[in-house]
1. With charges set only on the Cβ (+1 for Lys and Arg, -1 for Asp and Glu), what does the dipole of the chain come to about its Cα centre, in debye to the nearest 20?
2. At a 1.4 Å probe radius, carbon and sulfur cover how many percent of the accessible area of the chain?
3. Order ARG52, ARG23, most accessible first, counting only protein heavy atoms with a 1.4 angstrom probe.
4. Around PHE115, with a cut-off of 9 angstrom between Cβ atoms, what is the net charge of the other residues, counting Lys and Arg +1 and Asp and Glu -1?
5. Which whole-number percent gives the relative contact order of the chain, counting Cα pairs below 8 Å spaced six or more residues apart?
6. About the Cα centre of region 18-175, what is the dipole size in debye to 20, counting +1 per Lys and Arg Cβ and -1 per Asp and Glu Cβ, all else neutral?
7. Could you work out the longest stretch of the chain that avoids the GluC sites (Glu not before Pro) located in DSSP loops with at most 16 other Cβ atoms within 10 Å?
8. So, counting K/R as plus one and D/E as minus one, what does the shell of residues with Cβ under 10 Å around LYS226 add up to?
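The values are calculated or read from the model by the stated rules, or taken from the named source; none is laboratory data. Model, not experiment: these values are computed from the prediction. With ideal geometry, Cβ positions are generated from the backbone for all residues, glycine too; neighbour counts draw on all protein chains shown. When the accessible area is computed, the model is the full protein with side chains, heavy atoms only, and any ligands, DNA or RNA have been set aside. Shrake-Rupley method; radii C 1.70, N 1.55, O 1.52, S 1.80 Å.
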Amino acid sequence: MPIYNINENNLSLIKKEDFKNERELQRLTENNLEELFNLEFVATEFQVDNLRIDTLAYDSETNSFVIIEYKNVKNYSVIDQGYSYLSLLLNNKAEFVLKYNQVFSKNNGKEDFDFTQTRVMFISPSYTTYQLKSVEFSDIAFELWKVSKYSNDTVLFDKVNNTDTSASIKQVTNSDKNKQKVNKEIKKYTEADTLNGKSDDIISLYENLKEYILSQYDDIEIVHLKYYLVFKVNNKIIASLSVLAKSLKTWINLKDSDISDPDNRIRDVSNIGHHGVGDYEFNITSDDDFFYFNRLFKQSYDEKL
């Protein structure tokens, strides 16, 4: 869809521009990792064995590494490359931990990282249909991001491999021992994992809440993690949610803010250890709680825009 600049009542086309080279795209991303993806920069051109990682980043939310690969051409396999990078990390964990410790002046051990939630991000101006189809699995630890540069000094990063499929990558990699090893250790969590073992009543409550939130906002992304899920906008966490046996426990991600809570229904957990991101806890036990939750949710949503 073309994009236009508005000048009074006249429209002028904003033209797409090519990146000069792959390095330009890499520098732009690395300089803005926190703003774009809420990630911490660890290293550029990080080499281990015979492979070189374009950008190594760290996700403090999941305590895991993120490998970023940039492409300005289409003739490559995201599946083969992605598995090569994940295999590299799993076989050389100490090298990744050492680099992290050097950069952040830490003394962490391998046990301080969650390698199961490692993921690979591909960032490219375009993808082939084959590349897009190759990652249409619910449990694949790869993300495809399309980046577009425009003539008015504007850039767009758009996640393109969101899918509702229930197909598993394990169904097509069970004959490859190297990929089997990666699949065994790397875990991409899904909605099925979040709801596993839960009662029909609590699943129904979760489904109703999800439908309610998605009907209110058309730009929300739901990401399932090991212990909870997060609602995101612009890659920033609005709220977290944990599906418990009899309720949905949520945390509103507002820090150092005066949240509006006229009925005094939230709990300040800023100094209490808890799952999820956010200082304000709100418990949902029935559909009657949705309206008040949304009141809290919108405050965080508006702050993240």
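1. Numbers: 37 positive and 49 negative charges, 229 e Å.
Dipole about the Cα centre, nearest 20: 1100 debye.
2. Values: 7120 of 16390 Å².
Accessible surface attributable to carbon and sulfur in the chain totals 43 percent.
3. Details: ARG52 115, ARG23 90 Å².
The ranking, largest first, comes out as ARG52, ARG23.
4. Net of charged neighbours comes to 0.
5. Working: 491 pairs, mean separation 35.9, N = 305.
Averaging sequence separation for qualifying contacts and normalising by length gives 12 percent for the chain.
6. Working: 16 positive and 24 negative charges, 81 e Å.
Its charge dipole is roughly 380 debye.
7. On the way: sites that count: GLU8, GLU61, GLU136.
Answer from the scan: 137-305.
8. Working: positive: LYS187; negative: ASP114, ASP193.
Around LYS226, the charge tally is -1.
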